[in-house]
1. (1) out of contact with any strand residue (DSSP E or B) (no Cβ under 7 Å at 6 or more places or on another chain); (2) within 21 Å of residue C:160 (Cβ to Cβ): which one isn't true of residue C:73, the others all being true?
2. Could you give every pair whose Cβ atoms fall below 9 Å, whose first residue belongs to the stretch B:247-264 and is away from chain A (no Cβ under 13 Å) and at positive phi, and whose second residue is assigned to a loop (DSSP other than H, G, I, E, B) and surrounded by fewer than 23 Cβ atoms within 10 Å (Cβ to Cβ), counting only separations of at least 6 or pairs across chains?
3. Among the numbered criteria (1) modelled with pLDDT of 85 or more; (2) crowded, with 22+ Cβ neighbours inside 10 Å; (3) over 19 Å from the mean Cα position of the chain (by Cα), which one does residue B:177 miss?
4. Residues to consider are B:309, B:211, B:287; find the one that is outside any helix (DSSP H, G or I), buried (at least 24 other Cβ atoms within 10 Å of the Cβ), at pLDDT below 80 and away from every other protein chain (no Cβ under 14 Å).
5. Filter the stretch B:391-419 down to the residues that are surrounded by 14 or more Cβ atoms within 10 Å (Cβ to Cβ) and not in a helix (DSSP H, G or I) and list them by number.
6. For the stretch C:102-109, does any single residue satisfy the condition of being closer than 23 Å to residue C:67 by Cβ and surrounded by fewer than 19 Cβ atoms within 10 Å (Cβ to Cβ)?
7. Would you confirm, using the coordinates I've provided, whether residue B:297 is crowded, with 19+ Cβ neighbours inside 10 Å and either modelled with pLDDT of 85 or more or within 14 Å of chain A (Cβ to nearest Cβ) (or both)?
8. Just to be sure before I move on: is residue A:344 at pLDDT below 90 and more than 14 Å from chain B (Cβ to nearest Cβ) in the structure I sent?
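The values are calculated or read from the model by the stated rules, or taken from the named source; none is laboratory data. Everything numeric in this text was worked out from a predicted model, so none of it was measured. Don't worry about glycine lacking a Cβ; one is built from the backbone with ideal geometry, like all the others, and counts go over all protein chains shown.
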């Protein structure tokens, strides 16, 4: 009998597939993970403390930098929090524009997540390139309305920065027309690919109970079979006006997470089509409330949460009556979804770690804040 | 080559050069040509791969250096040469240094048996295939040296994976080549190519040599080609078997700690090996240089069979033969790129699983088919095949085709069904939180 | 499993467990890739297409940037009047999240009161996060977001950009964002017109335009005696000549002034005289400045002759400057006095005159101050 020894490997902080500056401390038996500890904090930017030194509006561009894939969703969550705190009404058209932006964000995030997942599995960026193509189209739209592709900074308290430019709606129509073809092609390329099945099925299973006890949210929770979506459970904005389904998984493995994301893209497209139909015209609504630059909410606190593409994104604000928040706290879905990583990976191979990590869909900007 | 030079010196020019001189000149010429061709193939392949895969991903690919980016590989080479050569602290210096050489040398040796065109094989070994299989597995030692010498855990993991993979996939590769050897009755690559003259299944027909009798058109050759190609992917570390250098898992595997030209040598070895694997697949299963017209031209050229031929036909046959051979090789490499563009990679245990439990049984089934094919096509009463003794060649061919086809198909389906993952839903979702 | 939830249901995703994987998924994937490969020889330029090359070969090909595109902030000025829209209200400096905008407000040198114009304006481009809040909060439409994005440089300090580099004419902005400019144009000009009334001389004029405006001012009265003009133009090196010219100019100004004061003139002659006076004052100021510079320069070598000469020079320069300043002041008073009657003609000419006169006065005063400082320095040494 040969004597064997455990191998300790540090995956990261600089590693091709840790999705940022993130470290996985692993103990291996051969290639099998015995223990895995995620170590984060390398990208800490003092976001929350910074938020308490800034005025309410000044924080808006910083929220873009949380989860840089979904700046619109972050904007939405923050704007909702301040609106709740200060009691600001949002005009109808602005609400619809917000929903359009956030659902586009969901599509681009999920497309990117699937692309990166495929990349983590070792494909040579093909699906990522296709996903990025769709993402670029959506980013074009974002640029049209907000002026920036990723750091949109588009939402304002009580509205959005500016109305949709005239070329926006036709472009969005074109995009939505191509969307089913894109998603179908994605499914054709991946969903039944035997290598993908072998790599994802029954890998990183997150049982329901574990998911709840880790307070996991978003597609990851739904893939574990729990139909919980804040858009349905506690409709914010105008989400109670749309018809859409909640995809859930049956096993809770990487494959379910992947399928749930694909289906969510389809549902987002449904919401977008309905939103476009119901969008009120621009006349008579002031969607950019310039007067609200200096919000001075009354003393109190507010917590709002939205279903960001990655899960429940919550902003907790405490106002002391000044122009700056007294406390500014973020419930970041990436961070909380990342916590069960050690349990998910135990017993799997080292190659599965990156796939499981990819299926959690984290952005280190949000994890470390 | 030797024939050509002999013909040129002694017959055409009438110099009466001694035998050893002819041999010396021809070998020096061959080695020179190989050492010029091999790096060129690597440069071409990197460019080819990058452009083709870019097209698959709706991109353009490198097109800045030179016309349509043609000088990009040269620019990369310059970069490699000018980069700092880093040896990590605690590394075994000599092993670290020698590893790339050990990887490159055998791949260069493999060129010795590749038949480029009619009469254009550097050395026609009667055990050419064996030579190929044997020498190509030497680079596993180099990989292990690289992994060990780097003093890096990722490198060590990569090397372990690489060696395990290479050793496992030698077996299906050899077994699938064995089927072809059975058909040809020879291990010489030249005789394998010569076997594939004429038409599919029937060989020469009415004295017209179309050069299309490739083995891949038979059920045996088809399954053999696929098995060998899959094994070649694993041996050449191509997606979906690029596990030893899985960049998303273990950074760059055994190459993690290499930079500059040492890394360049690994890169060179890998692409040359890929070229050779494609070339061998093309030779054994796609007829090598066989192509309509090549044999017709070669019959009129200087060859051992026809010393009084015309040197011009040598050139013409050579050009057409090399063209056909390279075309097939590049098409096969395109398939490699295509796979790389489409598929993710397998996990290391799945690779072993696939190799040992699927590919090896399938190649064994294929060997059975191959022997049946030989029995149906060539054996008579004295070998125990009296039942079909008097059949016409067409009937025997039909029998062999149907039989081998059926066996291979049934074997494939049966193996797939055995390998299919159980559909039982895992109990972990509803069960306790405990994890394995 | 189907759980009923409000407007919509929970659907369980299909795990494709019905089929035995036999490689058909792999082949289908290869088919998708093949389709992309074969379609990649034409360009994908439509949102409706999901195949075809979508690369934009950047330096040669460029995307049409949308109007709202924002990169780095720039300042706008009106290229007709040369006035900057910025009034240094500090809104942008206050809102800027990374705090990279720094400005100081211009002050009227005569009265010392703040003027709605900006004296210096700096943006640290290297730390700017391009959020566009500054452009959004600006009530005067003075700060806008540029479309230029090729800003990379090896020179880090050059990314702290001052007003001269930030200024862009309104035509530039109207070109990159026609619709957005059209929306705010009227408002911006209305506010600018109001602010222009409170600015004097070259305060609030874009640095790019100052030279031009000065030239315009200088070019206006071509009827002045030629030798003086020539002298003042050619005395860049010769400080003695400069001094002489300054004194002469000052005298001329005085004379013109006294004439102005004594005789009751028509509007036409008065404006001409004013112009002459202004010109003279400007010249005098320039000469004084040059003299002061000359004095400073000649002090550096510290040779005995220059040392002995410099106090005298300084004195002369100072004298000339003081005279010029006085003359200018008087001219200004004159101009103001002549404004009092408020005849139709004088009304139209006087604001400009007044401005010019004040400008001349400021210049002269500055020159004198500098000369004095130089003289002091010289004395100390």
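1. That leaves (1) as the condition not met.
2. Pairs found: B:260/B:83; B:260/B:84; B:260/B:85; B:260/B:86.
3. It is condition (3) that residue B:177 fails.
4. Criteria check complete, one pass: B:211.
5. B:391
6. no
7. no
8. Answer is no for this residue.
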